[in-house]
Amino acid sequence: MSRRDRHDARTPIVILSLGIVAVAFFVLPLVALAIRVPWSSLFDALGNDATIEALLLSVITSLITTVLAVIFGVPLAWLLARSNLPGRQTIRGLCTLSMVLPPVVAGVALLASLGRRGVVGQILDDWFGVRLPFTMPAVIVAQLFVAMPFLVLTVESGFARSSMTVEEAARTLGATPWYVFSRVTIPATRPAIVAGAVLTWARALGEFGATITFAGNFPGATRTLPIATYLALETNVDDALLISMLMVILSLIILVALRGRWVGAIGGVR
Amino acid sequence: MRLIARLVLAVSLLAACGPGDGGDDGVVVFAASSLVDVLTDLSADDESAFSGAVLSFASSASLAAQVIDGAPVDLIISADRAQIDELVAAGFGTSEPQVVAQNVLVIAVEEGNPLGIRSLDDLSRSDVLLAVAAPGVPLGEYSEAMLAAANIDVSPVTFEADARAVLAKVILGEVDAGIVYATDAESSDDVELIEIAEGDEVSVEYVALTLLDGSGRAVELLDELLGDRGQQALGRRGFGLP
């Protein structure tokens, strides 16, 4: 994306106008939100324990989700990109289906499997007395289920693109497979891993449907910011606007902070 | 990344399959989610004014908020008079609010009632997982008021967005009991209904209001609800009549 590239191509008027419509489409809702937000009560909202509680819960759960997604998602991506596992296409489809499912459906599927009467949940309850629904771990499970595919797909294409010659050289020099994976492959795909983690984090932070279905809504345990926004619409529209603005600001801060360093990486993964 | 492009396309196609915007000159009715069965019954009847109507169900509070934001709606039926009063005060109504039906709160428990829940008192037991509607939603407000009046201290595990969501958690067995409207509990064969003892019971009125921004057929809809066909349909689904 050098300056020279931009000047060389003259922009066709059709592209320009359609592009501007697209920009307006994204910017208008944000501007409208900013206009309608009762800014004078922003600090009241920040002093509101319920909002802060939801904010903290959202930040904590989405970060834990991101860490878990990296721990399990990177190996999965490696298996999909590099191994000779039979049925890789099918596995990839199954493991990424949740990102196209309506989130509420994902929530129902989680209840059917991990709910108190679920296929696995029943065993957890009977044997260990563990009940996931309505707990903070349930929020993380819901987020992980819908958000991890973003990391898996991004990292998989990172593995697929990175050259294998260095890895082969390391192997020839006697490095163990684990050493090659952790010291050669992983550093080479770090931009893709970071980009995938950011996408996953953003999706987890915004998760609503699967969370309210599987984890319910309890202040401090499962009421994340998106759920708080939705319920505030029922009671106090001003609060809903404020919380929405809070989420926009939060997302913006992260996006700006990551820009130069990492958002380029997202664009770089093709 | 070609896979991602394909997935994005699939998502946008899925999103495009959502409910329409009402289209044509269709009548639009907003109703409290507990009325879903009754109005669906009516709209399936070719002779009904509700036949072919676009029906939207949600909690009364969020429906009222949508009307205030300019949704083109003919008739709104709320489970709480407060929302209707708000709309009238804001000048959206075209007639006096009318009570069209009544309902009562009950406790819904799993089929067979394995925990032997008999009364509101049992809801405070530590072995009973309880779901209620969120404060701010009419059902949530009624539930809270009922428990407060009966002086019963409960610790629900979840505050759901509307009556049907509370019921769903009971049906799925994720909670042992939920406080819902009697008609919701009766709509499902998978739950048992525990009536609330006399003195503690709370009754709810459904209030309808014809609206300014609709297609002009609101009065026809309201007349039908208050007439034989509407009242019979309400009665069949367990609603009390005004």
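The values are calculated or read from the model by the stated rules, or taken from the named source; none is laboratory data. For clarity, every value in this text was computed on a predicted model and none was experimentally measured. A quick note on method: Cβ atoms are made from the backbone with ideal geometry, for glycine too, and the neighbour counts reach across all protein chains shown.
Among the residues of region A:240-254, is there at least one that is without any contact (Cβ under 8 Å) to a residue 40 or more places away in the chain, in a helix (DSSP H, G or I) and within 12 Å of chain B (Cβ to nearest Cβ)? Yes, that holds for at least one residue.
State the number of residues belonging to region B:175-193 that are hydrophobic (A, V, I, L, M, F, W, C) and more than 19 Å from the chain's Cα centre (by Cα).
As a first pass, look at region B:175-193 and keep what is hydrophobic (A, V, I, L, M, F, W, C): B:175, B:177, B:179-180, B:182, B:185, B:191, B:193.
In the following step, the residues that additionally are more than 19 Å from the chain's Cα centre (by Cα) were identified as B:175.
Qualifying residue count for the region: 1.
Does any residue of region B:101-111 turn out to be closer than 19 Å to B:V29 by Cα and not aromatic (F, W, Y)?
Yes, region B:101-111 has at least one match.
Please specify each residue of region B:40-65 satisfying the condition of being in a loop (DSSP other than H, G, I, E, B), hydroxyl-bearing (S, T, Y) and at pLDDT 85 or above.
Within region B:40-65, the first condition is being in a loop (DSSP other than H, G, I, E, B), and the residues that meet it are B:44-53, B:59.
Retained after the next criterion (residues that are hydroxyl-bearing (S, T, Y)): B:48, B:51, B:59.
Scanning region B:40-65 gives B:S48, B:S51.
Per the listing A:T172, A:T213, A:T185, the residue uniquely more than 14 Å from chain B (Cβ to nearest Cβ) and in contact (Cβ under 8 Å) with a residue 24 or more places away in the chain is A:T185. Of the residues that make up region B:31-39, is at least one at pLDDT below 90, within 14 Å of chain A (Cβ to nearest Cβ), part of a helix (DSSP H, G or I) and on the phi < 0 side of the Ramachandran plot? Yes, because at least one residue in region B:31-39 is at pLDDT below 90, within 14 Å of chain A (Cβ to nearest Cβ), part of a helix (DSSP H, G or I) and on the phi < 0 side of the Ramachandran plot. All of (1) outside any loop (DSSP other than H, G, I, E, B); (2) among the small types (G, A, S); (3) surrounded by fewer than 21 Cβ atoms within 10 Å (Cβ to Cβ) hold for A:A142 with one exception: (3).
Taking region B:152-236 as the region of interest, none of the strands (runs of 3 or more DSSP E) fully inside it holds 3 or more residues being away from every other protein chain (no Cβ under 14 Å) and of a type in the set (D, E, K, R).
Give the residues of region A:216-234 that are part of a helix (DSSP H, G or I) and more than 11 Å from chain B (Cβ to nearest Cβ), sorted by residue number. Full working, then the answer.
The first filter runs over region A:216-234 and keeps only residues part of a helix (DSSP H, G or I), leaving A:225-234.
Of everything in region A:216-234, those that are part of a helix (DSSP H, G or I) and more than 11 Å from chain B (Cβ to nearest Cβ) turn out to be A:L225, A:P226, A:T229.
Quick check, is B:V128 within 14 Å of another protein chain (Cβ to nearest Cβ), under 19 Å from B:L147 (Cα atoms) and surrounded by fewer than 24 Cβ atoms within 10 Å (Cβ to Cβ)? It is true that B:V128 is within 14 Å of another protein chain (Cβ to nearest Cβ), under 19 Å from B:L147 (Cα atoms) and surrounded by fewer than 24 Cβ atoms within 10 Å (Cβ to Cβ).
Look at region B:172-189: where a residue is in the same structural domain as B:T158 (by TED's automatic domain parsing) and under 22 Å from B:T40 (Cβ atoms) and a partner is part of a helix (DSSP H, G or I) and among the hydroxyl-bearing types (S, T, Y), sitting 6+ places away or on another chain with Cβ atoms under 7 Å, you get B:Y181/B:S34; B:T183/B:S34; B:D184/B:S34.
Among the residues of region A:115-133, just one is surrounded by 24 or more Cβ atoms within 10 Å (Cβ to Cβ) and either out of contact with any helix residue (DSSP H, G or I) (no Cβ under 6 Å at 6 or more places or on another chain) or part of a helix (DSSP H, G or I) (or both), namely A:P133. Checking each residue in region B:48-64 for being within 19 Å of B:R229 (Cβ to Cβ), in contact (Cβ under 8 Å) with a residue 12 or more places away in the chain and not hydrophobic (A, V, I, L, M, F, W, C) picks out B:S48, B:G52. May I ask you to verify whether A:E207 is at pLDDT below 90, among the charged types (D, E, K, R) and in contact with a helix residue (DSSP H, G or I) (Cβ under 8 Å, 6 or more places away or on another chain)? Taking the combined requirement at face value, the residue does not satisfy it.
For A:I227, the conditions (1) more than 26 Å from A:A32 (Cα to Cα); (2) modelled with pLDDT of 90 or more are fulfilled apart from (1). Residues of region B:176-224 that are in contact with a Pro (Cβ under 7 Å, 6 or more places away or on another chain), at pLDDT 85 or above and surrounded by fewer than 17 Cβ atoms within 10 Å (Cβ to Cβ): none at all.
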